[in-house]
Amino acid sequence: VAKITGKHGKVANFKAENKYKAPPLPYSLSALQADAGSKLGLTAKEVLDVAQSLYEKHKATTYPRSDSRHLPTAILKDEAPGIMKALKGTAELGEAANGSDMSLKSAAWDDEKVSGHHGIIPTTEFSAAKLGQMTDVERKVFLMIAQTFIAQFYPPFKYKAMSAEVS
């Protein structure tokens, strides 16, 4: 900024392009470890331990040792409405869950891409009370998992990419 402040230039080229970014896929264990490592400073082992606790102790998330980031379409009809209802009942996720559109179907819903286990998502057993029973780190990891689930019911993010060449 200091190099160009007070100077004049001519726009030689300008380009504006509409772009879209799809919702992030639900987490696999390795994706959760990478994301929680960068966002929360946790080691891979710590993330595994937290994910295992969310699954076994709290019964708030699905099986954590998954290598898949996709979801079976049966969950859309059978479980997703109940999961979203529970997420709507939390202070941390209520606004995002209430703004979701359950008629949308992201690329995550693909039976052919589900391996032995599907992506990590909240369970139908989750409740706002369970969120209150979690440790701080469990809550943070759970919220990451839940936010990616909620994102499956939002349209792609639309933005305008702009570039300018000034001489």
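Taking a straight Cα-Cα cut-off under 13 Å and skipping sequence neighbours fewer than 8 places away in the same chain, the aspartates and glutamates within cross-link reach of Lys57 are Asp49, Glu125, Glu138. Taking the longest Cα principal axis of the chain as reference, the axis of helix 136-151 is set at about 70 degrees. If you take the alpha carbon atoms of the chain and fit the smallest convex hull around them, that volume is 168 Å³ per residue. Annotation: per residue accessible area for the chain equals 59 Å², rounded to a whole number [probe 1.4 Å, protein chains only].
When both the stretch 64-118 and the stretch 125-167 are represented by their alpha-carbon centers, they are found 13 Å apart. Computed extension gain for Tyr154 through Ser115, at 0.36 nm per residue and net of the alpha carbon distance, reaches 11.6 nm. Please give the FRET efficiency for Leu40 paired with Asn13, using the beta carbon to beta carbon distance and R0 = 30 Å, rounded to the nearest 0.05. Plugging the Cβ-Cβ distance into 1/(1 + (r/R0)^6) gives 0.10. Computed over protein heavy atoms with a 1.4 Å probe, the carbon and sulfur contribution to the accessible area of the stretch 43-167 reaches 53%.
Which shape class applies to the stretch 1-40: rounded if a/c is under 1.5, otherwise prolate when a/b exceeds b/c and oblate if not, where a ≥ b ≥ c are the square roots of the Cα gyration tensor eigenvalues?
Taking the square roots of the gyration eigenvalues as a ≥ b ≥ c, the stretch 1-40 is oblate.
What residue among Asp78, Asp35, Asp67 shows peak mean-square fluctuation when the chain is described by a Gaussian network model with Cα springs under 10 Å? So, out of Asp78, Asp35, Asp67, the one fluctuating most is Asp78. Against the main long axis of the alpha-carbon atoms of the chain, helix 44-56 sits at an angle near 50°.
Among the protein heavy atoms, those of Thr124 account for about 80 Å² of accessible surface (1.4 Å probe, every chain in place). With a 10 Å cut-off between alpha carbons and a GNM built on the chain, which of Ser103, Ser30, Ser127 moves the most? Among Ser103, Ser30, Ser127, the largest GNM mean-square fluctuation belongs to Ser103.
Using the Karplus relation 6.51 cos²θ - 1.76 cosθ + 1.60 with θ = phi - 60°, the per-residue 3J(HN,Hα) values for the stretch 96-101 come to 5, 5, 5, x, 6, 10 Hz, with x marking Gly and Pro.
The values are calculated or read from the model by the stated rules, or taken from the named source; none is laboratory data. Given the structure is predicted, the values throughout are model-derived calculations rather than measurements. We place every Cβ from the backbone using ideal geometry, glycine too, and count neighbours over all the protein chains shown. The protein model used for the area step is the full one, side chains on, heavy atoms only, and it has no ligands, DNA or RNA in it. Shrake-Rupley method; radii C 1.70, N 1.55, O 1.52, S 1.80 Å.
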